[in-house]
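The structure under discussion appears below in the form of structure tokens.
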Amino acid sequence: MRYFQKLLCLLILVLAASFGVGGCVLLYSDFSVQRSRMAAANAAAHAQACTLLQTEILDLQRRGISTGDAALTARVTAQGVPAALFRNHDLVCATLPWLQNFPLGDTVTVTVRTQGNAVYAIYASDLQGGLRLVTAYDLTGLYRDRNAALMRFLLLEAAVLAAASAVTALLARRLTRPLAVLTDAGAQIAAGDYARRTDLHTGDEIEALSRSFDKMADAVQEKIADLEADVQRREDFVGAFTHELKTPMTSIIGYADMLHTMQTDPDEQREAAAAIVHEGRRLEALSRKLLALLGLNEEGVELTAVPLPALWPRLHAACPDVTLRTPAAAPTVRGDADLLLDLLCNLVQNAAKASAPGAPVLVLCAQAGDVVTLTVADRGCGIPPELIPRVTEPFYMVDKSRARRQGGSGLGLALCQRIAAAHGSALRIESEPGRGTRVSVTLPVWKEDAP
């Protein structure tokens, strides 16, 4: 059974029970009051009949007139009340035939008896001389009025319940319509429509439920989008890695096969060997950077005090073919010395590859409060603005032919981005085609009491 039907049945049941019980209590309380009033009036009439009959009997005895059955019958009949008179348990007279069967041993002063379709209140009292007077008062009208009122009430209740059922059905359907919207939205989201929202405005708890549902749907949509983007990045990564791996392997296998199967002169042999060495070193650099990327993903980084002036000699030694200019003075930052050296090496080598031979590469250091900004700047070819957001993607290269010719793999900036993220920062790239590029990373200044 649907919730709408349950709610409708429950409301009708409660309404019918409350209306029925209330109406019956009202009817029967009114009937009880009327019956009490009639009982009091009938009791007074019975007492008056007993007094009048007793007075007439005493009057007859005082005048010396016989009080036989005929005289008593005349007196009882003259009162005009259905009655029966008994003398010493023997019937003297009865104006209603069934009264002669009234049990004389009954100690009840008043009782209600049903005869056919009629209802009577019967009163019995003992008189002097062994007499017992039984009178009957018709209550049929009172019970008939009660039954008629009850029937009218039942008809009225049926009409009220029919109208209430129609109104309740409309209200229940209106109240449960938001639940249908929520159910439909849940089914559509489950079917893949992650942009579906309820956006209900009812001003009650259902609106709060709608907001919670929409927030949940937003979270699900964001999670699905993140998963899809992650899957796409993985697919792109695997495809790019396969392509980058295939290119040098093809060259190595081709030159090696040529050396193995063909008789070549010494110049050709040296050229083939140089190509094999070049592509092998490219594979070595590719594997090294890939391992570094995976290591940053799997392991945490412990940040310690890193005096920047101590990094400059190591940086010059790591990039001997680059005209490198470093600042004379620099503060101590919080970071990992080896990772920061790797970051600077990659940025410096990228800058040198993008610049003209012999062009200087600048390493700048600027402190502002508790942070230090390291910047690697060049005056090289630059990067188109629309491509800047993609240069930190693994294996992405702006000029693939030039990058491969220079031994690039497309992992340098991706590795730098991961190193910056491990230090709680990010690469900021500013570039203009033909005028050079500036790549910056912000690091916190080392403090002794820093966590």
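Miscellaneous remarks
- Per-residue Cβ neighbour rank within 10 angstrom, fewest leading, THR73, THR326: THR73, THR326
- In the chain, lysine pairs with alpha-carbon atoms under 28 angstrom apart (chain gap of 8 or more, or interchain): 7
- Only helices enter the 222 nm calculation for the chain: every DSSP H run of n ≥ 4 contributes -39,500 (n - 2.57), and dividing by all residues gives -20500 deg cm²/dmol, rounded to 500.
- Principal-axis analysis of the Cα atoms of the chain puts helix 337-354 at an angle of about 60° to the longest axis.
- Other-chain or far-sequence residues with amide H under 5 Å of TRP446's (modelled H): THR332, VAL333, ARG334
- Based on the Kirkwood approach, the hydrodynamic radius assigned to segment 3-159 is 18.6 Å, with every pair of different Cα atoms included.
- Note on segment 303-451: Cα-only Rg and Dmax are 14.9, 49 Å.
- Estimated dipole of segment 303-451 in Debye, rounded to 20 [Cβ of Lys and Arg +1, of Asp and Glu -1, Cα centre]: 500
- With both labels modelled 7 Å from their Cα along Cα-to-Cβ, the LEU127 to THR304 distance reads 13.0 nm.
- Nearest 10 degrees, 0 to 90: helix 205-261 Cα axis against the chain principal axis: 30
- Working note: Cα gyration tensor of segment 313-388, eigenvalues times five, square-rooted, sorted largest first, giving semi-axes of 22, 16, 12 Å.
- Annotation: the residues THR373, THR55, THR437, sorted from fewest to most other C-beta atoms within 10 Å of their own C-beta, follow the order THR55, THR373, THR437.
- Whole-angstrom Cα spans of the chain along principal axes, big to small: 175, 60, 37
None of the figures in this text is laboratory data; all of them are computed from the coordinates on show. Predicted model only: the values in this text are computed from it and were never measured. Positions of Cβ are backbone-derived with ideal geometry, glycine not excepted, and every protein chain shown enters the neighbour counts.
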